[in-house]
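Accompanying notes for the structure given below.
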Amino acid sequence: MTWPARHVSVGIRRAPRDVYAFAADPRNLPRWASGLASGVRPEGDAWIADSPMGAVAVRFGAANDLGVLDHDVTLPDGTVVHNPLRVLASGEGSEVVFTLYRRDGMSAEELERDARIVAQDLAALRRLLEER
């Protein structure tokens, strides 16, 4: 059985390597991912983010040349949520795609709320990178 998925994306007029480098740096999360972090600090192999849900642990996958920015977020109750995030080449710019899953117990309304938050975060990422 699979979870229903919702893809949220934004085009950014910057090269994929630039978008990836900025978004892959956890220290930048508070600048664009307010739905996840208002502040971050390293702790072991994770970054602890001050989120609207409380302190969460964020672990990114290994650095790569493929634009894969998948990350796992460990919620305060110990639940681990896998977040697929990709930076794709699109002409001379990039398309950033975040995949949300409607996990067991999540209502359609909760999924839509999360999609709105992700869209706001990706719009902030675009603003930051296109102003640089």
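The values are calculated or read from the model by the stated rules, or taken from the named source; none is laboratory data. Since this is a predicted model, take the numbers as computed values, not measurements. As a convention, Cβ positions derive from the backbone with ideal geometry for all residues, glycine included, and neighbour counts pool all protein chains shown.
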For the condition on the phi < 0 side of the Ramachandran plot and more than 12 Å from the chain's Cα centre (by Cα), what is the one hit in Arg41, Arg86, Arg59? Arg41
Check segment 111-125 and report whether any residue there is in a strand (DSSP E or B) and surrounded by 15 or more Cβ atoms within 10 Å (Cβ to Cβ). no
Leading residue by the ranking (modelled with the lowest pLDDT) among those in segment 64-83 that are in a loop (DSSP other than H, G, I, E, B) and under 15 Å from the mean Cα position of the chain (by Cα): Leu75
Selected residue (criterion: farthest from Pro30 (Cα to Cα)) from residues of segment 83-102 that are touching a Phe, Trp or Tyr at 6+ places or on another chain (Cβ under 6 Å) and not hydrophobic (A, V, I, L, M, F, W, C): Arg102
For segment 24-32, does any single residue satisfy the condition of being farther than 20 Å from His7 by Cβ, surrounded by 15 or more Cβ atoms within 10 Å (Cβ to Cβ), touching a helix residue (DSSP H, G or I) at 6+ places or on another chain (Cβ under 6 Å) and of a type in the set (Phe, Trp, Tyr)? no
Determine whether Arg86 is free of Cβ contacts under 8 Å to residues at least 24 places away in the same chain, farther than 14 Å from Trp32 by Cα and in a helix (DSSP H, G or I). no
Would you pick out the residues in segment 14-32 that are touching a residue at least 12 places away in the same chain (Cβ under 8 Å), in a loop (DSSP other than H, G, I, E, B) and out of contact with any Leu (no Cβ under 8 Å at 6 or more places or on another chain)? Ala15
Can you confirm whether Ala55 is assigned to a loop (DSSP other than H, G, I, E, B) and not acidic (Asp, Glu)? no
Any residue in segment 42-66 that is more than 15 Å from Val81 (Cα to Cα) sitting within a Cβ distance under 8 Å of a residue that is of a type in the set (A, V, I, L, M)? List the pairs, counting only those 6 or more apart or interchain. Pro42/Ile48; Glu43/Ala57; Asp50/Ala37; Asp50/Val40; Ala63/Ala24
Which ones in segment 89-107 are outside any loop (DSSP other than H, G, I, E, B) and either within 20 Å of Arg127 (Cβ to Cβ) or among the acidic types (Asp, Glu) (or both)? Ser90, Gly93, Ser94, Glu95, Val96, Val97, Phe98
